[in-house]
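The values are calculated or read from the model by the stated rules, or taken from the named source; none is laboratory data. All values derive from a computational prediction rather than experimental measurement. So basically every Cβ, Gly included, is an ideal-geometry build from the backbone, and we count neighbours across all protein chains shown. Only protein heavy atoms, including side chains, enter the accessible area calculation; ligands, DNA and RNA are left aside. Shrake-Rupley method; radii C 1.70, N 1.55, O 1.52, S 1.80 Å.
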Amino acid sequence: MAEESSKPRNVPPRLKKTAPYWYPYTTMTKMRWIGRELLEVVSTEFRDRSMEYYRYALESGVTTVNGQIAQPDTILRDGDRIENVVHRHEPPVSSKPVQVLHHDVEREFLIVDKPGSIPVHASGRYHRNTLIEVLVNDFGYQKVYPVNRLDRLTSGLMVIPLSASRARQLTAEFMAGTVRKEYVARVKGKFPSEEVTCEQPLLTVDRQMGLNVVHPEGKHAKTIFNLIRYDENTNSSVVRCRPLTGRSHQLRVHLQYLGYPIANDPVYSEEKIWGKNVGKGGIDTTPSNERAAPAPPAHLQAMTDTLGSPESLSKYATSGAKQVSEAPTVKLLPRETGADIGMGSPIPLSSEAVRVITRLRNMKDEDEDWSRWRDVVFRAKGMLRPKDLIIKPPPPQNRRKRGGKADLNSASPPPGPAIELSEAPTPNGLLTPAEASMNSDSLQLSTDEVIEKIAAMEPLPDINTSVTSDNLYCPECYLPLHPDPKPEKLYIFLHALKYTTSLGAFQTDMPEWTEEGYTWDE
């Protein structure tokens, strides 16, 4: 009698967590930032924290431009080098490990099976929990050169070059469309038994949320689908997907358009975002100027009415860091009015697209316990910049990097010409460290005032718990901490199964969720 496998079935992966850490990084001014104020850029590009927090952080001196501390109204120019220090809270990822399936030493490439939940490259909140960092830090490869990427939520096979020359070769193959790719997905509903081809063009309409839709102004995309199996007990189908182009979210959006979205896709199969039709047949594309300011959830509405919204800076007119007037500010930043929706879109958005993006943002906020609307504890604390981290001034222009981790000195650095930020008067709306420190101190709230604010936000019997508990706020950067996600929400039922390149044909095992009779927490 054959021995039964001891492999557990239908057991979702557990969480892998990374302790928060201070991280300095640098970037050059992007074209879309030129001529804009720093606070406008930061609050438009990022949504992790409240508008009030971003202004406060900049006034605390966490950001430098060309080695000098910047103000919120610093105007960014072409060629500016921006350095920032953040306390990075990486989201939990799946504990399922990265697997190196094959290492071809002579031809300088790896075959890797990437788990769902980790991105390929550092982006947003993710840095250490990325495929590149895992291969370098955990597996010891000196440098890797990913030439294609899988979505963070997508699992499966990747061909990873280990040299620049191999990367150039494979990049050319992907761009020429000669790489044959095969995926598997589990989708909602009974997929047709005959072969289905979808050739709808795709367009990214919100860069911040990574949202893509079918749109006539989009890029050509083509996918061929074939049914593998229909499971009546879950009313879902396992489908083979062959993308002939490589657009962002191509398989997820094409399946949604056909009316068979990936069964556990948190974006493209979510009725709360798209409505009862869940995006089948696409959405309306008639341009509209409809926009609305961000609104708090119902249980925080009274707090914002009484104490002001942390998502608005218009309550007081300001000069630098000091309050000078009770009058509303004349200029509202895009995020305060909702005008940031569509700023990254190459075409005017329709009313339906705006509503979809708004609902997607609200769902993300809800998943994170509405942390941006509870973001006030930092006002009772000190400067946000850690005292033991000092960013070195940038090198000469001809030796500067385009971006990445910044260089640091310790709190007590050895003597040398490049160890402190300039204290000299600074042009272009920049502050010296001393000025930033003084203005930061003038912004503080008392602990009693913060407790009063927290009391209006947290439905707890003891309001002091919300201030003192390490489980609600980070003691280093005062971030309202997010609840852990459910492990089964860290990946979707989409897997890169097979790639055929000039280096050969490579394939992973079929994922467990493709098996007949598979069930999951719906």
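Taking segment 253-263 as the range and being closer than 24 Å to residue 346 by Cα and open to solvent by less than 20 Å² (accessible area, probe 1.4 Å) as the test, the residues that pass are 253, 254, 255, 256.
Somewhere in segment 101-110, is a residue in contact (Cβ under 8 Å) with a residue 40 or more places away in the chain and aromatic (Phe, Trp, Tyr)? Scanning segment 101-110, I find at least one residue that is in contact (Cβ under 8 Å) with a residue 40 or more places away in the chain and aromatic (Phe, Trp, Tyr), so the answer is yes.
Within segment 85-94, the residues that satisfy the criterion of being open to solvent by 20 Å² or more (accessible area, probe 1.4 Å) and either of a type outside the set (Val, Ile, Thr) or assigned by the TED database to the domain that holds residue 140 (or both) are 87, 88, 89, 91, 92.
Within segment 274-288, restricting attention to residues that are open to solvent by 50 Å² or more (accessible area, probe 1.4 Å) and without any contact (Cβ under 8 Å) to a residue 24 or more places away in the chain, the residue that is farthest from residue 256 (Cα to Cα) is 276.
Taking segment 22-40 as the range and being of a type in the set (A, V, I, L, M, F, W, C) and part of a strand (DSSP E or B) as the test, the residues that pass are 22, 28. Summed over segment 31-58, residues that are acidic (Asp, Glu), closer than 17 Å to residue 473 by Cα and under 18 Å from the mean Cα position of the chain (by Cα) total 1. In this structure, residue 79 does not satisfy being buried (at least 19 other Cβ atoms within 10 Å of the Cβ), touching a strand residue (DSSP E or B) at 6+ places or on another chain (Cβ under 8 Å) and not hydrophobic (A, V, I, L, M, F, W, C). Considering (1) over 30 Å from residue 498 (Cβ atoms); (2) open to solvent by 20 Å² or more (accessible area, probe 1.4 Å), the lone condition that residue 62 does not fulfil carries the number (2). Candidates are the residues of segment 128-138 that are open to solvent by 30 Å² or more (accessible area, probe 1.4 Å) and in contact (Cβ under 8 Å) with a residue 40 or more places away in the chain; the one that is nearest to the chain's Cα centre (by Cα) is 128.
The one condition from (1) surrounded by fewer than 17 Cβ atoms within 10 Å (Cβ to Cβ); (2) free of Cβ contacts under 8 Å to residues at least 24 places away in the same chain that residue 42 does not meet is (1).
Looking only at segment 215-235, residues that are open to solvent by 20 Å² or more (accessible area, probe 1.4 Å) and hydrophobic (A, V, I, L, M, F, W, C) come to 3 in all. Within segment 107-122, is there a residue that is open to solvent by 20 Å² or more (accessible area, probe 1.4 Å) and in a strand (DSSP E or B)? Yes, some residue in segment 107-122 is open to solvent by 20 Å² or more (accessible area, probe 1.4 Å) and in a strand (DSSP E or B).
Sub-7 Å Cβ pairs linking a first residue in segment 164-176 that is on the phi > 0 side of the Ramachandran plot to a second residue that is open to solvent by 40 Å² or more (accessible area, probe 1.4 Å), at least 6 apart or interchain, number zero. Taking the residues in segment 482-503 that are closer than 30 Å to residue 518 by Cα and of a type in the set (A, V, I, L, M, F, W, C) as candidates, determine which candidate is surrounded by the most Cβ atoms within 10 Å (Cβ to Cβ). Ranking the candidates gives 494 first.
Please tell me if residue 97 is within 26 Å of residue 241 (Cβ to Cβ), open to solvent by 40 Å² or more (accessible area, probe 1.4 Å), part of a loop (DSSP other than H, G, I, E, B) and not β-branched (Val, Ile, Thr). Here the answer is yes, as residue 97 does meet what is asked. For segment 57-74, the count of residues that are modelled with pLDDT under 95, among the charged types (D, E, K, R), assigned to a loop (DSSP other than H, G, I, E, B) and not assigned by the TED database to the domain that holds residue 147 is nonzero.
Of the residues screened, residue 186 is not one that is open to solvent by 50 Å² or more (accessible area, probe 1.4 Å), among the basic types (Lys, Arg) and either more than 22 Å from residue 364 (Cβ to Cβ) or in contact (Cβ under 8 Å) with a residue 60 or more places away in the chain (or both).
Just to be sure before I move on: is residue 389 under 23 Å from residue 69 (Cβ atoms) and at pLDDT 85 or above in the structure I sent? In short, no.
Taking (1) farther than 28 Å from residue 158 by Cβ; (2) open to solvent by 30 Å² or more (accessible area, probe 1.4 Å) in turn, residue 72 satisfies each apart from (2).
In the condition set (1) farther than 28 Å from residue 284 by Cβ; (2) over 26 Å from the mean Cα position of the chain (by Cα), residue 183 is compliant with all but (2).
Within segment 349-362, the only residue that satisfies the criterion of being surrounded by fewer than 16 Cβ atoms within 10 Å (Cβ to Cβ) and either within 16 Å of the chain's Cα centre (by Cα) or over 23 Å from residue 482 (Cβ atoms) (or both) is 351.
Being at pLDDT 80 or above, open to solvent by less than 30 Å² (accessible area, probe 1.4 Å) and under 16 Å from residue 310 (Cβ atoms): is that true of residue 479 here? For residue 479, the condition - at pLDDT 80 or above, open to solvent by less than 30 Å² (accessible area, probe 1.4 Å) and under 16 Å from residue 310 (Cβ atoms) - is met. I'd like the full set of residues that are among the aromatic types (Phe, Trp, Tyr) and part of a helix (DSSP H, G or I), limited to segment 169-190. Once the filter is applied, which keeps residues that are among the aromatic types (Phe, Trp, Tyr) and part of a helix (DSSP H, G or I), segment 169-190 yields only 174.
Residue by residue, here is whether (1) touching a helix residue (DSSP H, G or I) at 6+ places or on another chain (Cβ under 7 Å); (2) open to solvent by 60 Å² or more (accessible area, probe 1.4 Å); (3) β-branched (Val, Ile, Thr); (4) over 23 Å from residue 489 (Cα atoms) holds:
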| position | (1), (2), (3), (4) |
| --- | --- |
| 180 | no, yes, no, yes |
| 194 | no, yes, no, yes |
| 207 | no, yes, no, no |
| 211 | yes, no, no, no |
| 237 | no, no, no, no |
| 243 | yes, no, no, yes |
| 251 | no, no, no, no |
